[in-house]
Structures are given as structure tokens and as C-alpha cells.
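The values are calculated or read from the model by the stated rules, or taken from the named source; none is laboratory data. It should be emphasised that the depicted structure is a prediction, and the values quoted were computed from it without experimental measurement. Here Cβ is always computed from backbone atoms with ideal geometry, including for glycine, and neighbour counts include all displayed protein chains.
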Amino acid sequence: MLGQPTRSMDPVTHFSPASNASTAQGYSPLRWWVLLLAALAVSTSYYESDVIGPIADLLQRQRGFSQSQLGMLNGIISVPNVVLAVFNGILIDRYGPARIALWSALIGVVGAALTAVGTPYEAMVVGRFIYGISEGAIFIALLAGLAQWFPRSGIALAAALYLSLARVGSYAVDTSTAWAHSLYERGWAAPLWLGTAVTAAGLAAACGYYWLDRRHGKNRADLSTTRTLLRWWDVLDFDMSYWFILALHVLYAAVFFPFRTTYAIEYFQHAKGLTLEQAGVANSWVFFAAVFATPFFGLLADRLGHRALMLVFGTALLPLTFILLGLTHVNLWVSTVMMGVSFSLVPAVIWPATTLIVAPKRLGTALGLITLIQALGLSVSNVAAGWLADKAGASAAHPEGYSAMLWFFFLLSLVALSSAVMLWRREAGPLGHGLEDARKLTQT
């Protein structure tokens with residue numbers, strides 16, 4: 001069957017260009033330092049990625065930004081991935097993960113600084129675009145680097161910890177409305193300069209990882225021995241399970257990230273009557289929960305199987321959340337917990353599931369295509385949600401105007417749920433890849 005992986009391989013090790021190198025380096029005690037530095041670097045990237053949300057209300061009041069302009073500032077960071085998604089993987093193979101992570105972190109600091117300058121608005125957009133170049137490459141580069149340092153028996157835990165610690169950045173930026181309250185009192189610019197400083201710390205971590213890799217990563221195999229010719233027509237050979245999971249990747253991200261990173265804090269202020277500090281804390285708990293719960297759900301999926309069914313459950317929480325937010329007066333923490341569980345479960349399961357569905361030799365192309373289409377989805381969803389809110393007159397004086405945006409996210413999440421259900425039905429049948437049976441994946 002096309003796309004059928006070797007069941008005995010650990011899913012995440014497919015990122016490694018040489019499994020023998022991964023085994024040789026994997027027992028070095030320095031691997032935990034590499035994990036720490038990689039997690040710090042990606043965490044700061046997440047911080048800067050979400051930096052617009054907490055100051056959305058300030059940008060509206062102090063600079064007169066519309067909802068569409070706010071959506072553009074977050075949507076534009078996904079645009080570079082439309083062009084660079086597949087090529088990022090090629091660069092990692094050619095120059096090594098450590099070098100690409102370092103380059104990406106440096107570009108990220110430049111983009112963050114230009115965003116913090118902030119005037120005129122067009123300069124802010126350019127800054128976010130430049131930052132998007134960094135964000136699109138650093139996550140995959142660091143994950144590929146971990147696959148070179150950890151043995152096959154330990155890479156799954158390392159990847160889970162990496163994903164969990166990355167959420168610390170999202171949690172930190174939302175709670176910055178509390179722990180950096182004095183900066184927000186100075187206006188919109190000070191929090192952005194804080195984001196630049198955080199991104200610079202990520203650059204320092206990337207430098208440390210690059211130094212360790214250059215000095216102690218001596219057992220890596222020659223990457224040129226595993227290079228393969230990139231054939232664009234190979235994307236047509238993926239089976240239906242891949243297309244279902246690709247749709248879920250794209251649609252889930254197009255719902256979750258625009259709402260939580262662009263509009264949620266402002267919505268909580270205007271429609272739920274929260275202060276900026278309260279709204280930031282409420283939004284942050286979605287990411288805080290993921291720090292601890294993501295490894296748990298990953299281990300649960302490895303032990304019990306039923307990955308596709310777990311994705312159905314996690315995705316189903318999204319439309320239910322928007323129903324509670326838009327149509328009820330249930331305590332806000334109920335919807336926060338629901339979305340937190342969803343965001344902990346789906347990423348923990350969907351990435352390993354993707355590597356099991358796609359043959360290892362074609363995984364790079366598969367992930368590149370997912371990243372590319374996901375970038376398009378994030379950009380369109382951010383701008384569309386802002387446009388709908390503008391058309392409906394959403395504001396503190398007219399909180400009812402946010403209903404159009406909530407309905408948009410609700411309907412989009414239903415489509416995402418349908419993709420998860422189709423994936424589950426196929427994987428539970430004879431044409432599946434064993435996602436519903438943990439024993440086949442561990443014993444064969």
C-alpha cells in the first residue's frame with residue numbers, strides 16, 4: 001500500500017537523516033542539554049509568534065487598527081511558508097539542523113525588532129513577514145536536530161517534552177499582561193520590545209546548540225548518502241488517509257491559532273467583561289495545560305492505540321467550545337478547559353500519526369506539503385475572521401458583533417471534525433495503517 005511505513009520504526013526518528021548516527025550520538029549525556037537549548041529556542045519563537053494578541057486592544061485604542069489589520073499582523077507570518085515550506089527541509093538536509101536553526105533565530109530577531117519599531121503600519125507588516133521566515137524553519141530544524149541526538153528508544157519522549165516546553169512561550173506571552181503589567185501601561189510598543197528581547201534569548205540558545213553540535217556531534221553520518229531526488233509529482237501518490245490527516249492539520253490550526261492568538265484576549269475583554277490582565281491569564285491556561293498534558297496524551301496513544309479516535313474526540317471539543325462561548329453564559333473557565341484538553345491531545349497525536357501513515361522515504365515531502373497548506377489556511381482564516389468582525393461592527397461598544405467571527409470558527413471546526421471522522425473510519429477498516437492498534441505498531 002502506498003504510504004505504508006515500516007511498523008517497527010519509531011515515528012519521530014523519521015526526521016533523522018541517518019538512524020545510525022542517531023543511535024551513536026543518542027547515549028551522550030549532552031543530549032539533554034541539546035533538548036533544553038532546543039526547547040528554549042522554540043519557546044521564544046512561540047512567544048514572539050503570539051505577541052500581537054495581548055496588545056490587540058492597545059493597538060485599536062492607541063493606533064486605530066481595525067480587526068482586519070490585526071488579523072493581517074498574525075496572518076502574514078504564515079505567508080513565507082507558502083513558498084519556503086518544502087525548501088526548508090532541503091536546506092536542513094544540506095546544511096544541517098543546527099546551522100538552519102541558528103540562521104532562523106537570527107532572522108527572527110530582525111523581524112521582531114522591525115515589528116517593535118511599529119511605524120508605519122507597513123513596517124510592522126514587513127517585520128511580521130520576516131519573522132515568519134524564521135518561525136517556519138526553526139521548529140522543524142530543531143526537531144530534526146533532536147532526532148540526531150536521541151536514540152530511537154528515547155526520541156518519542158524527547159519530542160513530547162520539546163512540544164510541551166514550546167507551549168511555555170505561548171503561556172508566557174499571555175501571562176505577560178500580569179507579570180509585565182508595567183510595560184503594557186506604557187503603551188503598545190514596550191511589550192513588542194520585550195518580545196524582541198525574548199527572541200534574542202532564543203538566538204543565544206540557538207548559538208549554544210550550534211556550538212554543542214559542532215564540537216560534540218562527531219558521529220553524524222554524511223547527509224549526502226541519504227539525499228533523494230525531490231519529485232513534485234510524488235504528492236499525487238499519497239493515499240486517502242494522508243489527505244484526511246492533512247485536512248485535519250490545516251483546519252484545526254486554522255481554527256485554534258487565529259482565535260486564541262489573535263482575537264481571544266480582545267473578545268474576552270469586549271464580550272465577557274474581563275480586564276486585559278484577566279483575559280490574558282484566562283487565555284494562557286490553554287497553553288499552560290498543554291505543557292503538562294501533551295506528553296501524557298502522547299504516551300497514552302502509544303500504549304492504547306486508537307490514535308484516530310483520539311483525534312476525533314480532541315477535534316470535537318472545538319465546536320462545542322464555540323457553542324459555549326457564543327450561546328451560553330457558562331463560566332469562561334469551562335470553555336478554557338475544553339480548548340486546553342483539545343490543544344493538548346490533538347498535537348500530541350497528530351504528528352506521530354502522520355509519520356505512521358506516510359512512508360519514511362517520503363515523509364519530508366508530506367510534512368512540507370502540510371506546512372505549506374497550513375500556512376495558507378492560517379493566513380486566510382486570520383484575515384477572514386477579522387473581516388467578519390469588522391463587517392459586524394465588533395467592538396467593546398457592540399460585543400454582539402463578535403458572533404459572526406464565532407460562527408465562522410464553529411463551522412470551520414465542524415469541517416475539521418468531519419476530516420477526523422473520515423480518518424477514523426478509514427483507519428479502523430482494512431485500508432488503515434494500524435493507528436487503531438497499538439500492539440501492531442510495537443510488536444512488528
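Just to be sure before I move on: is ALA282 touching a helix residue (DSSP H, G or I) at 6+ places or on another chain (Cβ under 8 Å), surrounded by 22 or more Cβ atoms within 10 Å (Cβ to Cβ) and either of a type in the set (A, V, I, L, M, F, W, C) or part of a loop (DSSP other than H, G, I, E, B) (or both) in the structure I sent?
no
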- Note on the structure: When region 218-270 is checked residue by residue, the ones that are modelled with pLDDT under 60, of a type outside the set (Asp, Glu) and outside any helix (DSSP H, G or I) are LYS218, ASN219, ARG220, ALA221, ARG227, THR228, LEU229, LEU230, ARG231
- Message: Restricting to region 116-133, count the residues that are free of Cβ contacts under 8 Å to residues at least 60 places away in the same chain and assigned to a loop (DSSP other than H, G, I, E, B).
- Response: 2
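For (1) modelled with pLDDT of 90 or more; (2) buried (at least 22 other Cβ atoms within 10 Å of the Cβ); (3) within 16 Å of the chain's Cα centre (by Cα); (4) not small (Gly, Ala, Ser), each residue gets a yes or a no:
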| site | (1), (2), (3), (4) |
| --- | --- |
| LEU36 | yes, no, no, yes |
| VAL42 | yes, yes, yes, yes |
| ILE55 | no, yes, no, yes |
| GLY75 | no, yes, yes, no |
- Query: When you look at THR336, is it in a helix (DSSP H, G or I), more than 17 Å from LEU163 (Cβ to Cβ) and at pLDDT 85 or above, yes or no?
  - Reply: no
- Task: Could you check, for region 280-289, whether at least one of its residues is closer than 21 Å to VAL337 by Cα, of a type in the set (Ser, Thr, Tyr) and at pLDDT below 80?
- Result: yes
- Taking LEU91, is it under 22 Å from LEU203 (Cα atoms) and surrounded by 22 or more Cβ atoms within 10 Å (Cβ to Cβ)? no
- Note on the structure: In the set VAL173, VAL198, the lone residue that is among the aliphatic types (A, V, I, L, M) and either at pLDDT below 80 or farther than 27 Å from LEU30 by Cβ (or both) is VAL173
- Note on the structure: When region 81-111 is checked residue by residue, the ones that are within 19 Å of THR196 (Cβ to Cβ), of a type outside the set (S, T, N, Q) and under 18 Å from the mean Cα position of the chain (by Cα) are ALA101, ALA105, GLY108
- Here the residues within region 174-200 that are among the hydrophobic types (A, V, I, L, M, F, W, C), under 18 Å from GLY127 (Cα atoms) and part of a helix (DSSP H, G or I) are ALA189, ALA190, LEU192, TRP193, LEU194, ALA197, VAL198, ALA200
